[in-house]
Protein chains: 2
Amino acid sequence: MKRSIEDTSIVFIGAGNLATNLAKAFYRKGFRIAQVYSRTEASAKALAQLVEADYTTDLSALKHHARMYVVALKDSALSQLLPIMTSGREQALWVHTAGSVPMEVWNGLVERYGVFYPLQTFSKQREVDFKEIPIFVEGCAPEVTAFLKEVAATLSKKVYEADSSQRERLHLAAVFACNFTNHMYALAARLLEHNHLPFNVLLPLIDETARKVHELSPCEAQTGPALRYDENVINHHLQLLADEPRLQEVYRLLSRSIHEEKQP
Amino acid sequence: MKRSIEDTSIVFIGAGNLATNLAKAFYRKGFRIAQVYSRTEASAKALAQLVEADYTTDLSALKHHARMYVVALKDSALSQLLPIMTSGREQALWVHTAGSVPMEVWNGLVERYGVFYPLQTFSKQREVDFKEIPIFVEGCAPEVTAFLKEVAATLSKKVYEADSSQRERLHLAAVFACNFTNHMYALAARLLEHNHLPFNVLLPLIDETARKVHELSPCEAQTGPALRYDENVINHHLQLLADEPRLQEVYRLLSRSIHEEKQP
């Protein structure tokens, strides 16, 4: 009898933002989530309940017979924990989800391994639609890559292969396009709050800024005083930020960077 | 016979991104655009054709009998040109559209004046829907403010009063939320381009980053290595940017800023 791809049972190691969103997406597609591990019992339990899985806070209590183990931990915790979690479970397929961790981290620990990297920002509080999320996979062998592509394709229309070097570049670009962008929103929110203005007046602007780069390149889409090198406005803004030295530093550096980006 | 608000004839001084979008929006709503001025003939002509207006490149040739004059010039050009353009046209209503120029710039030049500030990023190549754009107005007298609100309400559902001090804060916040955000997109695009990866793989991430702050505050929405203070990843990214000192500087400052923003 042919086994369908959704018969793949999955153990999640990690119950953070990415693990939560990914486990829920797999669960909805009919995969069986066998177990969730987290160092924190509350996190492990919360995710396990959502996806009808068992949970543990003890890496040595990981189940032995799942088909795929998905490791979604903070990068700094990852490499030191891999030997513990893989020990005795070398026959399974192991993947991690970290943009900046090379596939070779699995070398010598297990035989079948790879990377499963969804390029998106995840928060537990917010559901995302995986269909549009680019998923970049890398496998230790062609049949592993093919299997990961098949698994990824159950979630998303946009599945690509990327090696570790491409993936770390994607991750770096994503830090700019997402993490730093969101920080710009946070600084804007703080400036408005200090002046008793509501953040939501910025939402149409934030939306349009994102929509614009669907049609124009970011260089074509750039506007504002730094691009025009309107020193009156720039200096006036720096004055307004006199009480906020960190924001002033950010304003100065990014204005210079916009100006230099324009030069050939 | 009652004059309807759309009988207001408007002269545009400026034919840049904002002037183009605003003039087109007024034109569509049935206002008569009497004339367009730009220093550059091609720009003046291009906008004039779109809105069936006359055009000029000579400020002294501005028509005398329009009801409203909308000045949308680069801030640095604004104050020195106001005396020339208003001379002999003191009876009309004059407004500028600059976030960071106080209303008092009109003082002593004309009797009826104000500010008409749509909080949005405009590019000539891209049409925007004014209905959702917050427009902040300020008038020299209650009846001027009321008139500007009425005019603004023909374009947008979101019309507010804001004094010059609030407006400059809004503009400053918009520089962070839009201009600096777009620059983050531009830097991400460059990083991908150097590695022959297409920019459009980032679009779902960019969209989700913008959508998230409709539901979560930017602080709640923050993710990434700087927030987790994942030094492995941060240092690795700084290494990847070794050939790009400016991007490295941006990465370092914004990572520190994200980390400090989290502290109480």
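Taken together, the values in this text are just the output of simple stated rules run on the coordinates, not laboratory data. Computed from a predicted model, the values in this text were never measured in an experiment. A quick note on method: Cβ atoms are made from the backbone with ideal geometry, for glycine too, and the neighbour counts reach across all protein chains shown.
Checking each residue in the range A:235-251 for being over 19 Å from A:Thr181 (Cβ atoms) and part of a helix (DSSP H, G or I) picks out A:Asn235, A:His236, A:His237, A:Leu238, A:Gln239, A:Leu240, A:Pro245, A:Gln248. Residue check: A:Tyr55 meets all listed conditions (1) touching a strand residue (DSSP E or B) at 6+ places or on another chain (Cβ under 6 Å); (2) under 18 Å from A:Tyr113 (Cβ atoms); (3) among the hydroxyl-bearing types (Ser, Thr, Tyr) but one, namely (2). Being free of Cβ contacts under 8 Å to residues at least 12 places away in the same chain, part of a helix (DSSP H, G or I), at the interface with chain A (Cβ under 7 Å from one of its Cβ atoms) and polar (S, T, N, Q) is the requirement here; does B:Asn232 meet it? Spelling it out, B:Asn232 is indeed free of Cβ contacts under 8 Å to residues at least 12 places away in the same chain, part of a helix (DSSP H, G or I), at the interface with chain A (Cβ under 7 Å from one of its Cβ atoms) and polar (S, T, N, Q). B:Glu193 fulfils the conditions (1) more than 7 Å from chain A (Cβ to nearest Cβ); (2) buried (at least 24 other Cβ atoms within 10 Å of the Cβ); (3) not polar (S, T, N, Q) except for a single criterion, (2). Sort out which residues of the range A:112-148 are charged (D, E, K, R), without any contact (Cβ under 8 Å) to a residue 40 or more places away in the chain and either crowded, with 17+ Cβ neighbours inside 10 Å or within 7 Å of chain B (Cβ to nearest Cβ) (or both), and write them in order of number. Across the range A:112-148, the qualifying residues are A:Arg112, A:Arg126, A:Glu132, A:Glu138. Name the one entry in B:Leu241, B:Leu254 that is more than 7 Å from chain A (Cβ to nearest Cβ) and touching a helix residue (DSSP H, G or I) at 6+ places or on another chain (Cβ under 8 Å). Going through B:Leu241, B:Leu254 in turn, the sole match is B:Leu241.
Residue count for the range A:77-122, restricted to those that are of a type in the set (Ser, Thr, Tyr), part of a helix (DSSP H, G or I) and more than 30 Å from B:Glu208 (Cβ to Cβ): 1.
May I ask you to verify whether B:Lys63 is in contact (Cβ under 8 Å) with a residue 60 or more places away in the chain and basic (Lys, Arg)? For B:Lys63, the condition - in contact (Cβ under 8 Å) with a residue 60 or more places away in the chain and basic (Lys, Arg) - is not met. When residues in the range B:155-177 are screened for being touching an Asp or Glu at 6+ places or on another chain (Cβ under 8 Å), farther than 12 Å from B:Glu138 by Cα and either touching a residue at least 40 places away in the same chain (Cβ under 8 Å) or within 9 Å of chain A (Cβ to nearest Cβ) (or both), 1 of them pass. Of all residue pairs spaced 6 or more apart or on separate chains, those with beta-carbon atoms under 6 Å, a first member in the range B:67-81 that is more than 9 Å from chain A (Cβ to nearest Cβ) and a second member that is crowded, with 18+ Cβ neighbours inside 10 Å and of a type in the set (Phe, Trp, Tyr) are B:Tyr69/B:Trp94; B:Val70/B:Phe12. Listed by first and then second residue, the pairs linking a residue in the range B:199-223 that is facing chain A (nearest Cβ under 7 Å) and under 16 Å from A:Lys131 (Cα atoms) to a residue that is surrounded by fewer than 22 Cβ atoms within 10 Å (Cβ to Cβ) and of a type in the set (Ser, Thr, Tyr), with Cβ atoms under 8 Å apart and 6 or more places separating them unless they lie on different chains, are B:Val201/A:Tyr160.
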